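J.: Can you read through this structure? Questions will come right after.
Nothing in this text is a laboratory measurement; each read-out follows from the coordinates by a stated rule. Since the structure is predicted, the reported quantities are computational estimates derived from the model, not experimental observations. In this analysis, Cβ positions are derived from the backbone assuming ideal geometry, glycine residues included, and neighbour counts consider all displayed protein chains.
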Amino acid sequence: MWPLSDLLAYPRYALHGRETFDAILEQSARLAQEKFAPHNRASDSNEPRFVDGRVHVIPEVKIALDAYAEAGFPALLADAADGGLQLPYSLALLSDAMFCAANVATVGYALLARGVGNLLRAHGSAEQKLRYGQPLLAGRWLGTMCLSEPQAGSSLADITTRAEPEGDGSYRLTGQKMWISGGDHELSENIVHLVLAKIPGGPPGVKGISLFIVPKFRVNDDGSLGQRNDVELAGINHKLGQRGIVNTFLKFGERGACIGHLVGPPHQGLAQMFHLMNEARIGVGMGAIMQGMAGYQYSLAYAKERRQGRHPDQKDPTSPPVPLVEHADVRRMLLQQKCYVEGAFALAIHGGRLIDAQVGSEDAEVRRLAALKLEFLTPVIKAWSGEWCTRANDLAIQVLGGYGYTREYPVEQNWRDNRLNPIHEGANGIQAIDLLGRKAMLGNGAALAAVLDDVRATIAATSTTAELTEFSRSLQECVATIEQTTRVLTACLAAGRARLALANAAHYLTLVGHVLIAWTWLRQAQVAVRALASAAGHDHDFYQGKINACRFFFRHELPTVLPLARLLQALDDTTLATTPGQL
Ligand SMILES: Cc1cc2nc3c(=O)[nH]c(=O)nc-3n(C[C@H](O)[C@H](O)[C@H](O)COP(=O)(O)OP(=O)(O)OC[C@H]3O[C@@H](n4cnc5c(N)ncnc54)[C@H](O)[C@@H]3O)c2cc1C
């Protein structure tokens, strides 16, 4: 649909061939199966423990991370000049997808470290890239992102961690950071914390936030490890899911000796973090999709095996029971899962392709358009996938019935692991406000228009294909609905009535998300119709399955958002009108 081999045309990736892409994916699949999947359950049942001031993690986690590092995965994205493999982001996304499906908690340590390394390469000084970036690239060190504080999660404007200049170029940090994934452990020689803090005297709010490197162990000029920095593990959070990755409450500078190093100019911290947010959020979306995918695959296999009941027209009680998958309502639950996870997967890969175009294309206009579309699509990929792929996990539990509700089967862990995704990396409610309050207005509506142009191109290409005209027409109507709804809401915003305009932003994100997922289904069906002509056996089922899933999504799922569009266009104020006392 969006073939990866196209990326070889970009000069940035021309040093590779198709065989490198295949080799990376094969190696990812092998490593995920052999080193990550086998302890997924064990690390969930034996979550990290904080004993005598140390974090204890089951040994399989380190073995897996060491194998990951040894195979060179931390360096997938970095420039060849820095010792990286300089591969496309969409390829890394596919590789990440396999590890996330196998064991999202263990790979979480490595993906965080990759994010820290990417950020340092983008904004760090040459010396910082060498001192901290290189060990991260080699997989010897791990890293964290320290944004949240106990009193400041969604609203980072309210962080209180302070960084006082020491006079020698370094800073002394004091403050507390909450929810920090991978915040302390002995899985690596050192941990590089990237910490958001405010330098006294800076502007108020987010404009006064700066970014600091705070290593767990200070690093000497020759790269060797020095004394322990003043970063104290104050406690471990006990989570619903993703239990294998330690989640920490950290205190910086309790003894007045926490030394940090400013990254880039002062007061640019949030912008620097956001530089990589699109990538991180598409990664979160993919993580959610793969939990959904794992649950879907498991419940599908189960439904083919487990026999229960008979068809409504089979009256003979002595006839053998049929497999669950024979029941229309079970097929409904499987089709819903398939639609959510495979539709969202296609949208996430499209997002990955846009990142590659933005980084790799030589054409300035292609880069500009890719960046614009990405701005609009990122909150949708993150939040829609988080919500609907968790719903897919809920359906997987339902397919297994009582067995799905026990810890003997993996679908409950998939659900618990996925439940984080609508919360972190910007809660879904915040993503919805961002989509409507900022992204829909971006460039005077140019970002939305560019995304809808791509949708229209698919509508035009499928409008005369007999099997697809019904869906093509339906999608055209939905595009008009989005445009009309956006006009009403942005006019309300422009009139200064932000509270009313944004009150139902979550519905706007669902509307836009469903329409974009419908678009990916129409594209998949377009490919399937062409391929079906010469397909046989398993391939025939695969392509026919895509066309049927497209039909299911357009007929059963897409129409459910039309009442939301009506509410949005009516500027419904029910939530605003309901006072806290009335709740
Ligand atoms: C397991 C886990 C791992 C995490 N890992 C990290 C990490 O590694 N590093 C890090 O820095 N942080 C991390 N976080 C923190 C995470 O990003 C925050 O939990 C998240 O940003 C929400 O902040 P909060 O928990 O303080 O909730 P709050 O900000 O209190 O939000 C609570 C609810 O209110 C809603 N809400 C808040 N403000 C508004 C508003 N203005 N308008 C409408 N609705 C609003 C939110 O959508 C949310 O549903 C992690 C969290 C968890 C649970």
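J.: Cross-link candidates for Lys251: which aspartates and glutamates have Cα within less than 12 Å, leaving aside residues fewer than 8 places away along the same chain?
T.: Lys251 reaches Glu149, Asp184, Asp230, Glu232.
J.: Determine the dipole magnitude for segment 50-143: charges of +1 sit on the beta-carbon of Lys and Arg, -1 on that of Asp and Glu, nothing else is charged, the reference point is the Cα centre, and the result goes in debye to the nearest 20.
T.: On the way: 7 positive and 8 negative charges, 36 e Å.
Value, rounded to 20: 180 debye.
J.: With the Cα gyration tensor of segment 143-266 giving a ≥ b ≥ c as the square roots of its eigenvalues, does the rule (a/c under 1.5 for rounded; else a/b larger than b/c for prolate; else oblate) give rounded, prolate or oblate? Walk me through the numbers on the way to the answer.
T.: Numbers: a/c = 1.98, a/b = 1.09, b/c = 1.81.
Cα axes put segment 143-266 in the oblate bin.
J.: A further question on this structure: What is the distance, in nm, between label points placed 7 Å from the Cα along the Cα-to-Cβ direction at Gln297 and at Ser224?
T.: Simple spin-label model gives 4.7 nm for this pair.
J.: So, one more: Quick one: order Cys492, Cys389, Cys258 by neighbouring beta-carbon count within 10 Å, fewest to most.
T.: Working: Cys492 18, Cys389 31, Cys258 25.
Listed from fewest to most nearby Cβ atoms, that is Cys492, Cys258, Cys389.
J.: Report the calculated FRET efficiency for Arg499 and Arg368 (r = Cβ-Cβ distance, R0 = 30 Å), to the nearest 0.05.
T.: Numbers: r = 33 Å, r/R0 = 1.10.
So, using R0 = 30 Å, E works out to roughly 0.35.
J.: Across segment 7-16, in residue order, what do the Karplus-derived ³J(HN,Hα) couplings come to in whole Hz, using 6.51 cos²θ - 1.76 cosθ + 1.60 with θ = phi - 60° and x for Gly and Pro?
T.: 5, 5, 6, 6, x, 4, 10, 5, 6, 9
J.: Figure the gain on full extension for Asp82 and Ala491 (residue separation times 0.36 nm, minus the Cα-Cα span) and round it to one decimal in nm. Don't skip to the end; give the middle numbers.
T.: Values: separation 409, 0.36 × 409 = 147.24 nm, distance 4.78 nm.
Between Asp82 and Ala491, full extension yields an extra 142.5 nm.
J.: Report the calculated FRET efficiency for Ala446 and Lys207 (r = Cβ-Cβ distance, R0 = 30 Å), to the nearest 0.05.
T.: Numbers: r = 25 Å, r/R0 = 0.85.
After rounding to 0.05, the efficiency reads 0.75.
J.: Which ³J(HN,Hα) values in Hz, rounded to whole numbers, follow from the phi angles of segment 208-221 under the Karplus curve 6.51 cos²θ - 1.76 cosθ + 1.60, where θ = phi - 60° and Gly and Pro get x?
T.: x, 8, 10, 10, 10, 8, 10, x, 4, 10, 4, 10, 6, 4
J.: Next question. Label 7 Å along Cα→Cβ of Arg54; segment 171-187 residues with amide nitrogen under 20 Å?
T.: Inside the label zone: 182-187.
J.: For Ser125 and Asp316, calculate 0.36 nm times their separation in residues minus their Cα-Cα distance, and state this gained length in nm to one decimal.
T.: 61.1 nm
J.: Which percent of Cα pairs goes in each bin when the distances of the chain are cut into 20 angstrom slices starting at zero?
T.: For the chain, the pair-distance distribution reads 19, 53, 25, 2, 0.
J.: May I pose another question? What lysines does Lys129 reach when the alpha-carbon gap must be under 21 Å and sequence neighbours fewer than 8 apart in one chain are set aside?
T.: Lys216
J.: Could you list Val561, Val116 so that the one with the fewest beta carbons within 10 Å of its beta carbon is first and the one with the most is last? Don't skip to the end; give the middle numbers.
T.: On the way: Val561 22, Val116 25.
Ascending number of Cβ neighbours within 10 Å: Val561, Val116.
J.: Taking amide H atoms as placed 1.01 Å from N in the peptide plane, list the residues 5 or more away in sequence, or in a different chain, whose amide H sits under 5 Å from that of Glu149.
T.: For Glu149, whose amide H was placed from the backbone, the distant partners under 5 Å are Met178.
J.: For the chain, with the dipole built from +1 on Lys and Arg beta-carbon atoms and -1 on Asp and Glu ones, taken about the Cα centre, which of Leu571, Gly241, Gly386 lies farthest toward the positive end?
T.: Farthest towards the positive end: Leu571.
J.: A follow-up question, please. When a footprinting reagent is the concern and you count Cβ atoms within 10 Å, what order do Val219, Val380 take, fewest first?
T.: Lowest count first: Val219, Val380.
J.: Continuing with the same structure: With each pseudo-label sitting 7 Å past Cα toward Cβ, what's the Thr574-Leu15 distance in nm, one decimal?
T.: 5.7 nm
J.: Along the Cα-to-C-beta direction of Arg306, a point sits 7 Å from the Cα; which residues of segment 372-409 have their amide N less than 17 Å from that point?
T.: Inside the label zone: 392-409.
J.: Now for a separate question. I need the phi-derived Karplus couplings for segment 307-320: 6.51 cos²θ - 1.76 cosθ + 1.60, θ = phi - 60°, integer Hz, Gly and Pro marked x.
T.: 3J(HN,Hα) across segment 307-320, in whole Hz: 9, 7, x, 9, 5, x, 9, 9, 8, 6, x, 8, 5, x.
J.: Quick one: which residues, 5 or more positions from Thr144 or on another chain, have an amide H under 5 Å from its amide H? H modelled 1.01 Å from N in the peptide plane, none for Pro or chain starts.
T.: Val192, His193, Leu194
J.: On to the next question. Taking 0.36 nm per residue of sequence separation and subtracting the Cα-Cα distance, how much length would be gained by fully extending the chain between Ala480 and His275, in nm to one decimal? Working shown, then result.
T.: Values: separation 205, 0.36 × 205 = 73.80 nm, distance 3.21 nm.
Stretched out fully, the Ala480 to His275 stretch lengthens by 70.6 nm.
J.: What is the local net charge at Leu475, summed over the other residues whose Cβ is closer than 11 Å to its Cβ (Lys, Arg +1; Asp, Glu -1)?
T.: Details: positive: Arg456, Arg473, Arg523; negative: Glu470, Glu477.
So the surrounding residues net to +1.
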